[in-house]
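The values are calculated or read from the model by the stated rules, or taken from the named source; none is laboratory data. These numbers come from a predicted model, not from an experiment. Cβ coordinates were reconstructed from backbone atoms using ideal geometry, including for glycine residues, and neighbour counts include every protein chain displayed. All accessible areas refer to the heavy atoms of the entire protein, side chains included, with ligands and DNA or RNA removed. Shrake-Rupley method; radii C 1.70, N 1.55, O 1.52, S 1.80 Å.
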Amino acid sequence: MKAIVCVDENWGIGYEGDLLFHIPADMKYFKEKTMGNVVVMGISTFRSLPGQKPLTDRVNIVLTSDESWSAPGVVPCHSLDELFEILKRYDSSTVFVIGGASVYEQLIPYCDTAYVTKVSASKPADSFFPNLDENEDWVLARQKDEAEHKGLKYRFTTYKSI
């Protein structure tokens with residue numbers, strides 16, 4: 001299983017239900033990595049998607065404690081045990097955790113790779129991704145050259161669990 005996320009300098013990922021940054025190259029990177037694969041997200045992340053519709057050409061699994069919730073094109077899931085049972089149907093290398101903060105927190109121990117777009121800026125945030133630079137179980141395996149969008153500097157990095 002892999003995680004994919006865009007963070008600020010403090011590992012912030014969102015504020016009041018929205019992403020901190022909207023960088024076209026990051027959105028393209030996300031799409032390239034996840035297309036044709038399985039995405040796992042929480043209900044709040046699903047509700048933040050355009051039109052509250054599943055991401056196209058991906059299996060969308062949504063974690064929610066609401067047993068009655070469902071949406072077209074989505075596999076609802078109500079516990080980690082149920083999630084792991086569902087994920088047995090898929091090659092683990094095709095599963096991407098895409099948020100939000102509590103889902104990342106719960107599933108990062110099961111991930112072997114994290115694709116982290118690191119933005120060299122800080123913004124007010126109320127949700128965070130675990131700081132992998134301070135986690136002895138993770139190592140920065142690769143980073144691409146810094147790029148820029150409308151004055152925001154960012155770089156694509158890959159962390160591996162050890």
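For the reader, a short list of remarks on this structure follows.
- Of the residues making up the range 132-145, those that are under 21 Å from the mean Cα position of the chain (by Cα) and either modelled with pLDDT under 95 or over 20 Å from residue 13 (Cβ atoms) (or both) are 136, 139, 141, 142.
- Within the range 98-147, the residues that satisfy the criterion of being in a helix (DSSP H, G or I), open to solvent by less than 50 Å² (accessible area, probe 1.4 Å) and either in contact with a Pro (Cβ under 9 Å, 6 or more places away or on another chain) or under 13 Å from residue 19 (Cα atoms) (or both) are 101, 104, 108.
- Summed over the range 11-22, residues that are under 15 Å from residue 115 (Cα atoms) and either part of a loop (DSSP other than H, G, I, E, B) or out of contact with any Phe, Trp or Tyr (no Cβ under 8 Å at 6 or more places or on another chain) (or both) total 1.
Here is a yes/no grid of residues against (1) in contact with a strand residue (DSSP E or B) (Cβ under 9 Å, 6 or more places away or on another chain); (2) of a type in the set (D, E, K, R); (3) under 21 Å from residue 78 (Cβ atoms):
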position	(1), (2), (3)
9	yes, yes, no
13	yes, no, no
28	no, yes, no
32	no, yes, no
38	yes, no, yes
42	yes, no, yes
64	yes, no, yes
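- Qualifying residue in the range 28-45 (condition: polar (S, T, N, Q) and open to solvent by 60 Å² or more (accessible area, probe 1.4 Å)): yes
- Members of the range 48-64 found to be open to solvent by 60 Å² or more (accessible area, probe 1.4 Å) and at pLDDT 95 or above, listed by number: 53, 56, 57
- Counting the residues of the range 21-47 that are closer than 19 Å to residue 91 by Cα and without any contact (Cβ under 8 Å) to a residue 12 or more places away in the chain gives 2.
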